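Okay, so here's the structure we're looking at.
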Amino acid sequence: MSAVEVFTIGHSNHSFERFSELLRLHNVATVADVRSAPYSRANPDFNREFLKTMLGECGITYAFLGRELGARPEGAQFYQQGRVQYRVLAQSPLFRAGLDRVIKGAESQRLALLCAEKEPLECHRTLLVSRELVALGASVVHIHADGRLESYADAMRRLVKMLGLPEEDLFRSSEEMIADACAMQEERIAYVNEELRQEAPK
């Protein structure tokens, strides 16, 4: 595939006005929502129907991709001891179809993946979706709450440092170190289905 650029953003506790400012600042034309449940009790500005309407009034297209790229998939095969397994989910046909949609969309317009978390390293949009997009040759850039941009590569370096892992290792490549860091962070943030966890053999 030809290299495409994909942005990501978390709605955090922004007002819609601030959120739309960040999108306009970086000329985002399409928002692809990767939340499994596209609703926010704390911040109803980001409920799916309202958000779609408000973005439309700003000339920004809204697409819901939570079914394909969400962090809470249906199906016990994606869980171990009740916890979502990102590596398993990443290989599912539905997820791969979602990645294809993102790449095709980003080829013709400036597109941002939307999730809830302010910090990209606390979110599956980085540890799962962005990681797979990068593996397919896309360039991923995170839009932070203050408007600054951070490349996927810089975010991964920050993750390695944040987790106290060595940035260089004589016996391991940087790719292996990043894979370890992602696995550690996934263990911390991945969704846990309590029902499946209780049903899992002890």
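No value in this document is a laboratory result; all are computed from the given coordinates. For clarity, every value in this text was computed on a predicted model and none was experimentally measured. With ideal geometry, Cβ positions are generated from the backbone for all residues, glycine too; neighbour counts draw on all protein chains shown.
Can you give me the convex hull volume of the Cα atoms of the range 1-78, divided per residue and expressed in Å³? Hull volume over Cα atoms, normalised by residue count, gives 112 Å³.
D by Stokes-Einstein for the range 94-202, Kirkwood Rh over Cα pairs, 4 °C, 1.567 mPa s: 83 µm²/s.
Using θ = phi - 60° in the Karplus curve 6.51 cos²θ - 1.76 cosθ + 1.60, the 3J(HN,Hα) couplings for the range 182-197 round to 5, 5, 5, 6, 4, 4, 7, 10, 4, 4, 10, 8, 4, 4, 5, 5 Hz; x is entered for Gly and Pro. Restricting the calculation to Cα atoms, the range 80-142 yields a radius of gyration followed by a Dmax of 12.2, 41 Å. If a/c stays under 1.5 just call it rounded; otherwise compare a/b with b/c (prolate if a/b is bigger, oblate if not). Do that for the range 137-178, with a ≥ b ≥ c from the square roots of the Cα gyration tensor eigenvalues. Because a/c hits 1.5 or more and a/b fails to exceed b/c, the range 137-178 counts as oblate. Between the range 85-109 and the range 136-202, what is the C-alpha centre distance in whole Å? Comparing the Cα centres of the range 85-109 and the range 136-202, I get a distance of 18 Å. Within the same chain, aspartates and glutamates fewer than 8 places from Lys52 are excluded, and of the rest, those with a Cα less than 12 Å from its Cα are Asp33. Note on the range 1-112: with charges restricted to the Cβ of Lys and Arg (+1) and Asp and Glu (-1), its dipole about the Cα centre is near 340 debye.
Would you please state the base-10 log of I(q)/I(0) at q = 0.35 1/Å for the range 1-44, with intensities from the Debye formula using one equal scatterer on every alpha carbon? The Cα Debye sum returns log10 ratios of -1.37.
With the charge dipole of the chain set up from +1 on Lys and Arg Cβ and -1 on Asp and Glu Cβ about the Cα centre, the Cα lying farthest toward the positive end among the listed residues Val102, Asn47, Asn27 is that of Asn47.
Please pull out the direction-averaged projected area of the range 25-129, using the convex hull of its alpha-carbon atoms, in nm² to one decimal place. Over every viewing direction, the Cα hull of the range 25-129 projects on average to 7.2 nm². Extent of the chain along its three principal axes (Cα atoms, max minus min coordinate, largest first): 50, 42, 32 Å. Which of Leu25, Leu89, Leu113 moves most in a GNM of the chain, Cα contacts under 10 Å? Ranking Leu25, Leu89, Leu113 by mean-square fluctuation puts Leu25 first.
The slack in the chain from Phe50 to Lys118, taken as 0.36 nm per residue of separation less the alpha-carbon distance, amounts to 22.5 nm.
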